[in-house]
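First comes the structure, then the notes that go with it.
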Amino acid sequence: MNLARYISEDLIDLHLPPPAEPPDNPELNMQKWQQRQKENLLETFVALLDKSGLVLHRRKLLTDLINRERQASTGLSHGVAVPHVRTRYVRDVMIAFARSSEGYEFDSVDNLPSHLFFIIVSPSHIGDLHIKIYKQIAEIFSFSNAFDELMAVEEAGEVIRILRRFE
């Protein structure tokens with residue numbers, strides 16, 4: 001599958017800001033605070049996707065992504081997360097990519113921070129294409145040193161070149 005077909009350089013953010021530190025408050029519900037941080041990160045991803053001009057409604061797309069994450073986390077292991085959703089609020093299939101050198105808590109399988117995020121959205125009527133894309137991205141990390149390569153890239157175009165190698 002041609003993953004590069006669904007991503008462009010404007011949908012790539014190589015410099016996510018560091019995650020917020022929890023406030024020093026003994027009454028703070030850490031689980032709710034972490035959930036809010038995750039939602040803020042998803043909001044950042046929606047803003048990134050919106051650069052495509054293919055997002056029909058930002059707020060509703062965000063709601064769909066949040067609801068999808070509540071069903072089951074899309075945090076894989078080894079620092080990779082693949083938030084994905086089928087939604088009525090995009091015109092076409094898109095992949096966005098974001099990287100954090102510090103890493104974000106994303107309820108990953110191995111309980112480690114996620115550094116690389118592939119965000120996949122597709123229109124509801126397209127079927128299971130987003131799942132095929134998801135599986136191909138997951139496969140990339142099981143057979144190569146793609147994580148290290150993607151952590152080292154300095155330009156958005158390099159991300160696309162790496163994805164093309166795995167088509």
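The values are calculated or read from the model by the stated rules, or taken from the named source; none is laboratory data. Remember, predicted model here, so these are calculated numbers, not experimental data. Cβ sites come from the backbone with ideal geometry, for glycine too, and all protein chains shown count toward neighbours.
Structure notes:
- Checked against (1) crowded, with 21+ Cβ neighbours inside 10 Å; (2) modelled with pLDDT of 95 or more, residue 68 meets all criteria but (1).
Here's the yes/no breakdown for (1) basic (Lys, Arg); (2) within 18 Å of residue 137 (Cα to Cα):
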position	(1), (2)
20	no, no
25	no, no
30	no, no
39	no, no
57	no, no
60	yes, no
68	yes, no
74	no, yes
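- Residues in region 6-47 that are farther than 24 Å from residue 134 by Cβ, of a type in the set (A, V, I, L, M) and part of a loop (DSSP other than H, G, I, E, B): 20, 28.
- For region 138-161, a residue qualifies if it is modelled with pLDDT under 95, closer than 21 Å to residue 48 by Cβ and not aromatic (Phe, Trp, Tyr), and the qualifying residues are 138, 140, 146.
- Note on region 39-70: residues that are in contact (Cβ under 8 Å) with a residue 40 or more places away in the chain and polar (S, T, N, Q) total 2.
- Whichever residue in region 48-66 is hydrophobic (A, V, I, L, M, F, W, C) and part of a loop (DSSP other than H, G, I, E, B) and, among such residues, is farthest from the chain's Cα centre (by Cα): 56
- Applying a threshold of 8 Å to beta carbon distances and a minimum spacing of six or more residues, or different chains, the list of pairs starting in region 131-153 at a residue that is closer than 17 Å to residue 101 by Cβ and acidic (Asp, Glu) and ending at one that is modelled with pLDDT of 90 or more and in a helix (DSSP H, G or I) reads 149/162.
- Residues in region 84-109 that are modelled with pLDDT of 95 or more and either surrounded by fewer than 17 Cβ atoms within 10 Å (Cβ to Cβ) or among the β-branched types (Val, Ile, Thr) (or both): 85, 87, 88, 90, 91, 92, 93, 95, 101, 102.
- Matching entry among 28, 16, 11, 42 (being farther than 20 Å from residue 122 by Cβ and at pLDDT 95 or above): 16
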